[in-house]
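Below is one structure, written out as structure tokens; the observations come after it.
The values are calculated or read from the model by the stated rules, or taken from the named source; none is laboratory data. Predicted, not measured: the structure shown is a model, and the values here were computed from it. Glycine also receives a Cβ, built like all others from the backbone with ideal geometry; neighbour counts cover every protein chain displayed.
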Amino acid sequence: MSAEYRFNHKHIISIDDFSVADINFILQTAESLKEISTRSIKKVPTLRGKTIINLFFEPSTRTRLSFEVAAKRMSADTFNISASTSSATKGETLIDTAKNLQAMQPDAIIIRHSSSGVPNLLRRHVQASIINAGDGTHQHPSQALLDMMTVREKKGRLDGLKIAIIGDIAHSRVAHSNIMGFSKMGADVHVCGPNTMLPAGLEGMGATRQTSVAKAVFDADVIMALRIQKERQRDPLIPSLREYASVFGINRAMADLAKPDALIMHPGPINRGVEMSPDVADGSQSVILEQVTNGVAVRMALLYLVLGGD
Ligand code: CP
């Protein structure tokens with residue numbers, strides 16, 4: 001890292017906003033903060049006095065909890081609010097909700113929403129840092145960062161690796177962030193899925209579209225399977241889950257086409273037996289739970305960097 005480098009982002013909206021130096025710095029920061037979670041007393045005073053609001057309009061297990069764990073490990077005060085328990089149910093607009101949260105003077109608002117672009121909209125209406133915890137089909141930047149951290153930790157590098165991303169690419173914010181992130185860091189990203197789940201413009205995003213899963217995973221260093229995002233599809237896009245699993249599911253035979261030490265990844269939640277067979281998800285190459293562990297470290301790093309912890 002050059003001596004002049006400075007992390008200069010108040011908000012975390014999209015992987016596209018980050019340079020290679022930014023991504024390296026976030027991962028480096030996360031790697032150094034990871035050790036805190038292994039201590040018997042898992043708490044440092046770094047963000048003492050900071051107020052962080054988790055505003056989740058869509059369900060979440062990993063992202064919401066790991067942002068909260070990350071904030072608490074650095075002594076910030078955290079507050080959770082979900083769509084079902086907020087006054088959004090009484091007709092309050094999102095902007096009004098955000099302005100009312102701002103009136104309580106938080107330092108950061110972490111937002112998950114079903115509409116693409118909401119974090120970008122909110123940052124124009126509040127003074128707090130906005131952190132995108134997943135917006136529609138657009139972006140899930142902290143997921144891509146934790147995925148890159150996991151691969152770099154295991155492989156020692158990102159550049160030159162073959163990354164195969166299989167599944168519902170069109171509706172997956174994880175896919176969009178990962179394609180941008182891994183290709184920006186010099187990896188060779190190959191994608192495959194049903195034609196109805198592959199967006200236009202993949203090449204512009206830095207990915208190679210493959211016509212079969214076998215071609216995508218052949219000699220890969222990483223296989224990442226994605227869930228079908230049924231909640232973002234108006235009409236059925238595949239004939240049946242059984243047919244999907246037989247053509248696009250990552251089973252043992254498919255995983256064996258990759259390098260023998262290939263990493264098996266999934267952002268979760270997994271639909272076992274659909275996008276991935278249980279023996280692969282739980283096998284020795286799987287780093288799925290290590291992704292979750294690194295999620296806490298990456299989110300600690302993001303909060304630390306945007307809130308200017310000392
Ligand atoms: N990977 C991910 O975003 O999981 P959650 O929906 O449980 O947060």
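Taking the criterion of being of a type in the set (A, V, I, L, M, F, W, C) and in a helix (DSSP H, G or I), the residues of the range 17-58 that qualify are V20, A21, I23, F25, I26, L27, A30, L33, I36. Of all residues in the range 186-197, none satisfies being among the hydroxyl-bearing types (S, T, Y) and under 17 Å from the mean Cα position of the chain (by Cα). Can you go through S82, S75 and tell me which one is more than 16 Å from the ligand (Cβ to nearest atom), surrounded by fewer than 18 Cβ atoms within 10 Å (Cβ to Cβ) and more than 20 Å from S14 (Cα to Cα)? Only one candidate qualifies: S75. Looking at F57, is it among the aromatic types (F, W, Y) and within 16 Å of the ligand (Cβ to nearest atom)? Yes, satisfied. For the range 221-228, the criterion of being at pLDDT below 95 and surrounded by fewer than 16 Cβ atoms within 10 Å (Cβ to Cβ) is met by no residue. Those strands (runs of 3 or more DSSP E) of the range 115-196 in which at least 2 residues are closer than 17 Å to A207 by Cα and more than 14 Å from the ligand (Cβ to nearest atom), considering only elements entirely within it, cover 162-166, 188-192.
Across the range 299-308, the number of residues qualifying as away from the ligand (no atom under 15 Å from the Cβ) and within 16 Å of K72 (Cβ to Cβ) comes to 5. Within the range 223-250, residues that are closer than 24 Å to K162 by Cβ reach partners that are part of a loop (DSSP other than H, G, I, E, B) and at pLDDT below 90 with beta carbons closer than 6 Å, at six or more positions or on different chains, in the pairs Y244/I238. When P267 is tested against (1) buried (at least 17 other Cβ atoms within 10 Å of the Cβ); (2) more than 21 Å from L145 (Cβ to Cβ); (3) of a type outside the set (A, V, I, L, M, F, W, C), exactly one condition is not met: (2).
Across the range 257-284, which residue is nearest to the ligand (Cβ to nearest atom) among those that are of a type in the set (D, E, K, R) and under 14 Å from A216 (Cβ atoms)?
Residues of the range 257-284 that are of a type in the set (D, E, K, R), as a first pass: 259, 261, 272, 275, 279, 282.
Of the ones still in play, those that are also under 14 Å from A216 (Cβ atoms) are 259, 275.
On the way: K259: 25, E275: 13 Å.
Here the residue is E275.
Taken over the range 1-16, residues that are of a type in the set (F, W, Y) and either under 19 Å from L146 (Cα atoms) or in a helix (DSSP H, G or I) (or both) amount to 1.
The single condition from (1) in contact (Cβ under 8 Å) with a residue 24 or more places away in the chain; (2) out of contact with any strand residue (DSSP E or B) (no Cβ under 7 Å at 6 or more places or on another chain) that A200 fails is (1). Taking (1) more than 16 Å from the ligand (Cβ to nearest atom); (2) farther than 18 Å from F182 by Cα in turn, V296 satisfies each apart from (1).
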